[in-house]
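Working notes, structure below.
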Amino acid sequence: MTRFIMGSILFLCLSTGSPFASAKMTTPQLSTAITSAQEIDFPDKITLGQIKTSEIQQHVFNFLSPIYRELGIELEVMALPSKRSLIFSNQGNVDGELLRIEGIDEIYPNLIPIPITLYQLSAYAYTINGKTDFKRPEDILRFNVGMHRGVQWEERFVDQFPRYVLRVGGTLNKFKLLTLDRVDYVLSTEQRADEIIATHFSNNNIKRVSPMLKHINLIHYLHKKHAHLVPAITAAINKRNVVLPLTPQDH
């Protein structure tokens, strides 16, 4: 499907720095050149990878879906394990990532960020029997730590001192390790930890550890084959009458 994006191309073509200004072109030639520059091929459908369904992912999908629809693009998601989703997106097997940590393109260079923070989370460590107050966040890495395999902010954090790290699939499994005394601490975003503890471990006396590990900025990514869509998607997000980043209260 072809769409036309109207902008200031005519002005750029007539400016002194443009190749059109130095070349002698007839009016029909100039008109054709401008039309070609304005023409952008928009796909009918975009399929994004996402970490297996969570409340945050659904919230962001509900926010982005009408933005894509306004551009004539139907938005779909494919729920995959965290690392597999990134590999698929980087290879172009899916069209991008619904929501990922800022900076992931340093590791997966075929992903192009939409440079707007859509969600911001606070990350903490959690424990049952361990110390709950440290001078520095990385001090917990002197103990056995459970983490979600493939989640990039967790991988980056434990890489500081990876000796005592146990990786599992899923946040629920991390907290199971904690209740089974297999690890001293687990890493999690505050919102996800609150959901898991309230649903599964309300009687296990799980405590949040201070200080906070980090703020996590989450943004949207497209595969480089859709690089031409990035300005249009960015502009469409900025035009929305919504305060960003989104918060759980916006649901």
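The values are calculated or read from the model by the stated rules, or taken from the named source; none is laboratory data. Keep in mind that this is a model prediction, so the values were computed, not measured. Positions of Cβ are backbone-derived with ideal geometry, glycine not excepted, and every protein chain shown enters the neighbour counts.
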Please verify whether segment 95-104 includes one or more residues that are surrounded by fewer than 14 Cβ atoms within 10 Å (Cβ to Cβ) and within 25 Å of residue 227 (Cβ to Cβ). yes
Qualifying position, being charged (D, E, K, R) and farther than 28 Å from residue 196 by Cβ, among 102, 74: 74
Scan segment 169-181 and tell me whether some residue there is without any contact (Cβ under 8 Å) to a residue 40 or more places away in the chain and within 16 Å of residue 123 (Cβ to Cβ). yes
Given the criteria surrounded by 15 or more Cβ atoms within 10 Å (Cβ to Cβ), assigned by TED's automatic domain parsing to the domain that holds residue 50, modelled with pLDDT of 95 or more and not in a helix (DSSP H, G or I), does residue 186 qualify? no
Number of the exception - residue 126 against (1) of a type in the set (Ser, Thr, Tyr); (2) outside any strand (DSSP E or B); (3) in the same structural domain as residue 188 (by TED's automatic domain parsing): (2)
Here's a check for you: in segment 72-116, which residue that is part of a helix (DSSP H, G or I) and over 22 Å from residue 168 (Cβ atoms) is modelled with the lowest pLDDT? 106
Would you tally the residues in segment 195-214 being in contact (Cβ under 8 Å) with a residue 12 or more places away in the chain and in a loop (DSSP other than H, G, I, E, B)? 8
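Here's the yes/no breakdown for (1) in the same structural domain as residue 141 (by TED's automatic domain parsing); (2) surrounded by fewer than 17 Cβ atoms within 10 Å (Cβ to Cβ):
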| site | (1), (2) |
| --- | --- |
| 201 | yes, no |
| 206 | yes, no |
| 211 | yes, yes |
| 226 | no, no |
| 234 | no, yes |
| 237 | no, no |
| 240 | no, yes |
| 245 | no, yes |
Can you name the residue in segment 195-220 that is among the charged types (D, E, K, R) and modelled with pLDDT under 95 and is also farthest from residue 60 (Cα to Cα) among such residues? 214
In segment 174-183, what residues are crowded, with 17+ Cβ neighbours inside 10 Å, more than 22 Å from the chain's Cα centre (by Cα) and part of a helix (DSSP H, G or I)? 175, 176, 177, 178
Hey, among the residues in segment 195-234 that are of a type in the set (S, T, N, Q) and within 20 Å of the chain's Cα centre (by Cα), which one's farthest from residue 141 (Cα to Cα)? 234
Some residue of segment 125-138 being aliphatic (A, V, I, L, M) and buried (at least 20 other Cβ atoms within 10 Å of the Cβ): yes
Apart from one, (1) over 16 Å from the mean Cα position of the chain (by Cα); (2) part of a helix (DSSP H, G or I); (3) outside the structural domain of residue 95 (by TED's automatic domain parsing) all hold for residue 192; the odd one out is (1)
